[in-house]
Amino acid sequence: MTIKRLLIAISAASAVALSGCATFCPMHPGATAQLSATQGNTAAGTVSFTQHGDKVVVDADISGLAPGEHGFHIHEKGDCSAPDGTSAGGHFNPNGQAHGNPAEPHHHFGDMPMLTADASGHAKLHVELTSITLQEGAGNIIGKSVIVHQKADDYQTQPTGNSGARVACGVIAAK
């Protein structure tokens with residue numbers, strides 16, 4: 001085979017590989033958590049995570065909640081086997097910070113904005129977070145869990161925000 005033909009063959013193979021990646025390789029890595037109610041509760045829904053550069057876009061759609069605000073966190077273990085959700089462990093906190101408002105500079109990586117359920121118990125949230133990632137590193141949330149709590153998070157009480165019982169839990173899995 002001549003060098004010219006070899007270069008043409010390599011070029012063609014590269015074009016096929018790249019077009020396949022355009023079809024099958026995600027431009028923005030993603031993950032989801034399917035939330036199920038803990039014992040005695042009715043909350044359920046889906047939380048999607050999409051990596052966009054140094055931010056993760058979080059989209060939550062949850063029903064079966066009491067009207068009002070609910071603490072919403074990523075927890076350290078991807079385990080929802082306990083009837084009350086305690087098998088998920090504490091808040092995801094690889095940076096060793098105090099619990100706090102995710103809009104402030106210092107907080108657990110797992111601290112997220114509160115969910116607000118309407119009169120029918122339905123909550124939606126769309127937010128961009130910079131403390132977590134779907135890529136390699138300390139902030140990677142793949143294999144962790146998402147917890148929805150019974151009450152509002154006060155963003156002050158350590159280490160949990162005094163947000164009450166866990167009403168829903170779901171493990172974060174890569175798409």
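Give region 62-119 a look and list any residue that's touching a Cys at 6+ places or on another chain (Cβ under 9 Å), crowded, with 24+ Cβ neighbours inside 10 Å and not in a loop (DSSP other than H, G, I, E, B), or say none.
If the condition is that a residue be touching a Cys at 6+ places or on another chain (Cβ under 9 Å), crowded, with 24+ Cβ neighbours inside 10 Å and not in a loop (DSSP other than H, G, I, E, B), then HIS75, ALA88 are the ones that fit.
Within region 106-142, work out how many residues are among the hydroxyl-bearing types (Ser, Thr, Tyr) and under 16 Å from ILE74 (Cα atoms). Before you say what the answer is, go through the steps one by one.
Let us first name the residues in region 106-142 that are among the hydroxyl-bearing types (Ser, Thr, Tyr), namely 116, 120, 130-131, 133.
Still in the list and also under 16 Å from ILE74 (Cα atoms): 130-131, 133.
Looking only at that region, the number is 3.
Looking at region 135-175, which of the residues that are of a type in the set (Lys, Arg), crowded, with 17+ Cβ neighbours inside 10 Å and within 19 Å of the chain's Cα centre (by Cα) is nearest to PRO67 (Cα to Cα)?
Going residue by residue through region 135-175, those that are of a type in the set (Lys, Arg) are 144, 151, 166, 175.
From what's left, crowded, with 17+ Cβ neighbours inside 10 Å: 144, 151, 166.
Add one more test, that the residue is within 19 Å of the chain's Cα centre (by Cα), and what stays is 144, 166.
Numbers: LYS144: 27, ARG166: 16 Å.
Looking at the filtered set, the residue picked out is ARG166.
Go through region 136-154 residue by residue and tally those that are modelled with pLDDT of 95 or more and either of a type outside the set (Gly, Ala, Ser) or over 17 Å from ALA33 (Cβ atoms) (or both).
Within region 136-154, residues that are modelled with pLDDT of 95 or more and either of a type outside the set (Gly, Ala, Ser) or over 17 Å from ALA33 (Cβ atoms) (or both) number 13.
Please count how many residues of region 120-134 are hydrophobic (A, V, I, L, M, F, W, C), closer than 19 Å to HIS149 by Cβ and assigned to a loop (DSSP other than H, G, I, E, B). Write out each step before concluding.
Of all residues in region 120-134, those hydrophobic (A, V, I, L, M, F, W, C) come to 123, 125, 127, 129, 132, 134.
Narrowing further to those that are closer than 19 Å to HIS149 by Cβ: 123, 125, 127, 129, 132.
Narrowing further to those that are assigned to a loop (DSSP other than H, G, I, E, B): 132.
The number of residues fulfilling the criteria is 1.
Please verify whether VAL47 is surrounded by fewer than 16 Cβ atoms within 10 Å (Cβ to Cβ) and part of a strand (DSSP E or B), treating the condition exactly as stated. Reasoning before the result, please.
Details: surrounded by fewer than 16 Cβ atoms within 10 Å (Cβ to Cβ): no; part of a strand (DSSP E or B): yes.
So VAL47 does not fit the description; no.
The values are calculated or read from the model by the stated rules, or taken from the named source; none is laboratory data. Computed from a predicted model, the values in this text were never measured in an experiment. Reconstructed Cβ throughout: ideal geometry from the backbone, glycine too, with neighbour counts over all protein chains shown.
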